[in-house]
Structures are given as structure tokens and as C-alpha cells.
Amino acid sequence: MRKWIEDRTGLSKLVKVMLDEPVHGGAKWSYVFGSGLVFLFILQAVTGIVMTAFYSPSSTSAWGSVYYLQHKTSFGWFVRGLHHFGSSAMMILALVHMFQVFIFGAYKNHVN
Amino acid sequence: MEDSKAENTSRRRFLKIASHTIGGTLAAGVIAPVVGLAIHPWMKETVYGTEDFITIGKVDEFPVGVPKKMAITSSKMDAWNIFDGLVMGSVWVIRREDNSLNVFSTNCPHLGCGINWGEDVKQFLCPCHEGIFDIDGKTISGPSPRDMYSYETKIENNTILVNYKKVI
Ligand code: FES
């Protein structure tokens, strides 16, 4: 089963490439922001898609559907919270990441 | 040299297991609620208000001994969609002095026409084939093979509830 999935998707190869990517000049904590952004982006996408299933975009039921999501569903409040704070966190991380790339000169060609 | 290499490997192993454990736990804490929300409609009841007994009003809204016609409206709630005031049918409600109730379908047991109350003759009259019923719903004359359909009722907190089912 595992091999079959691997044969079809190359999933574990992808995970390896993502996790074991050699970092030029050694790994540093200051390099986490890019990965953090990728994680947040996936989180926003997944929570957003799941919450769409509980949203009704109409003038009469929009409020009601959000109320239902927040108060009546299992973990609806939590997932909505993740999405809410995730969006702010993404803005902050994007800025930090941009400054980090700029200050470290990461956009220049590598020599080592 | 050999020693430090062995130590290096076990240290590496420990760090690997530790980071995977911490990372996995944190990931599970995020993934579990998202999955829980996604499968919510599967696991939980999302439709409310399909109970058997339907409220039709307060006891004192019904005069003693005089049949009163009431529309039966149900209210259903499907997740955030509220269906209020769906008219399902009508009933004749007769309240007696001792507050006992008779609730009859307005549909004639013959072919389903709407039955009226004839106040002057104190009888239920079906306009279609001249079916006549007394105030207790018993057939007096006409083609109807049986007495008027009646419903189970109960009184809670001075409110009348009817176990309404569509009969025709
Ligand atoms: S339908 Fe009422 S008597 Fe025939």
C-alpha cells in the first residue's frame, strides 16, 4: 500500500526534498519564516475550504450560517479562530520574511 | 573516534524522534479539529423541529363546545436554514367543559373534501356528498365509511399539542 502510494505520487520523495533540503551556509533559526509561511498558507487554504462547506453567501442566511459554524458545529469556533489569526500571522510572517531575505541578501547568487 | 561517532548517531536519533514527536503532536492538534469539523454533518444531527407533537395554541383561545378551525404549521430547522410556518393542514378543535379535547382532521373520511362546521345545526357538514357528522366526529349520514379522523392531543403548560399526521 505504502509502495503503491509512493509509486503513484512520489509523496515521500517530495517530503524528503522539502525537509532535508540542504541550507546554504548552514541552517539558522532566522530561516524559519519561509517554511512558516508555507505552513500558514496551507493552513489557511484547508481551513478555508472546510469552512466554505458551512457558509451560505446570501443576504438572509450569511449571518446565520456563521453563527451555526461558530456555536453549533464540532470545533467550528476553533477552525474559524485558526483561520482568523492565521491570516494576521501570515501578514506578519510575510513582512518578516521579506526583511529577512532583503537583509541577508538571499536574492543574490550563492557563492558557497 | 568510534565512540564519538556512536554518540553522534544516538544523539541524532534522539533529536529526530523528539522533533517528530513534538511536530506530530502539534500537527495533530491542528488536523484533528479540522477533520472533526469536516465530518460534523455526518456524525451529528443537523435537522431540528420534526417532533411529533405540534403546538396549536393556548387552551383559553378555544371556546368551550364550539369547534374551532386551526391551521397546523410546523417549523423545521436544517442547520442554519429555518423553515417557519409551513402549513401542513388544518384541524377542528373542540374543547369541552372539563378541558378535554377532540381534534379532528378537516379532511372528510369519504373522499377528502374539507369539512365545515354548521353552527345552526351543530353538526359537521361535508359539502361534497352531503356527509354529516356529529360534534364527536361520529358519522350520522352520508357515504363516509367511518367517523372523522381524530388526533392524539395533550396539554402542557396550558398549551395544546397535537400529534398531527397527514391522513389524506
Ligand atoms: S368527501 Fe365528504 S362526503 Fe364525500
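Can you give the helix-only mean residue ellipticity at 222 nm for chain A, where every DSSP H stretch with n ≥ 4 adds -39500 (n - 2.57) and the sum goes over all residues, rounded to the nearest 500 deg cm²/dmol? It would help to have the intermediate numbers written out before the result.
Details: 5 runs with 77 residues, N = 112.
Per the formula, -22500 deg cm²/dmol.
Around B:Asp136, what is the net charge, scoring Lys/Arg as +1 and Asp/Glu as -1 over all other residues with Cβ under 15 Å from its Cβ?
+1
Give me A:His71, A:His97 sorted ascending by neighbouring Cβ count inside 10 Å, so fewest comes first.
Starting with the residue having the fewest Cβ neighbours, the order is A:His71, A:His97.
Could you line up B:Trp80, A:Trp4 from fewest to most neighbouring Cβ atoms inside 10 Å? Please list the in-between numbers first.
On the way: B:Trp80 19, A:Trp4 8.
The order, fewest Cβ neighbours first, is A:Trp4, B:Trp80.
Could you please tell me the mean projected area of the C-alpha convex hull for region B:47-162, averaged over all directions and given in square nanometres to one decimal? Before the final figure, lay out each step's value.
Working: hull surface 31.9 nm².
In nm², the orientation-averaged hull projection of region B:47-162 is 8.0.
Counting only Cα atoms, I'd like the Rg/Rh figure for region B:2-43, Kirkwood definition for Rh.
Reported Rg/Rh, Kirkwood definition of Rh: 1.42.
Over region A:1-91, what is the mean sequence separation of C-alpha contacts under 8 Å (at least six apart), divided by residue count, expressed as relative contact order in percent?
Reported relative contact order: 27 percent.
Is region A:8-65 best put as rounded, prolate or oblate by its Cα gyration tensor, with a ≥ b ≥ c the root eigenvalues, rounded for a/c under 1.5, and otherwise prolate when a/b is larger than b/c, oblate when not?
Oblate, since a/c reaches 1.5 and b/c is not below a/b.
If you average the alpha carbon positions of region B:24-71 and of region A:1-70, how far apart do those two centres end up, in angstrom?
34
Pull up the cross-link candidates among the lysines for B:Lys122, meaning alpha carbon to alpha carbon under 28 Å and not fewer than 8 places away within one chain.
Result set, ordered by chain and number: B:Lys58, B:Lys68, B:Lys69, B:Lys138, B:Lys154, B:Lys165, B:Lys166.
Kindly provide the pair-distance distribution of the protein assembly as shown built from C-alpha pairs, with 10 Å bins from 0 and whole-percent values in order of increasing distance.
Going from the shortest bin to the longest, the percentages are 5, 16, 17, 14, 11, 9, 9, 8, 6, 3, 1, 0.
To make sure I understand, if each residue's beta carbon is the centre and we count other beta carbons within 10 Å, what order do A:Met51, A:Met18, A:Met90, A:Met1 fall in, fewest to most?
Ordered from fewest to most neighbouring Cβ atoms within 10 Å, A:Met51, A:Met18, A:Met90, A:Met1 come out as A:Met1, A:Met18, A:Met90, A:Met51.
Looking at chain A, identify the longest residue range that excludes and avoids all trypsin sites (Lys or Arg not before Pro) in DSSP loops having at most 11 other Cβ atoms within 10 Å.
On the way: sites that count: A:Lys28, A:Lys108.
Value returned for the longest uninterrupted segment is A:29-107.
Rg to Rh for chain A: what is it, with Cα atoms only and Rh by Kirkwood?
Radius of gyration relative to Kirkwood radius: 1.12.
All of the numbers you see were taken from the coordinates with simple rules; none came from a lab. Quick caveat, the model's predicted, so the values are computed rather than measured. Virtual Cβ from ideal backbone geometry, glycine too; neighbours counted across all protein chains shown.
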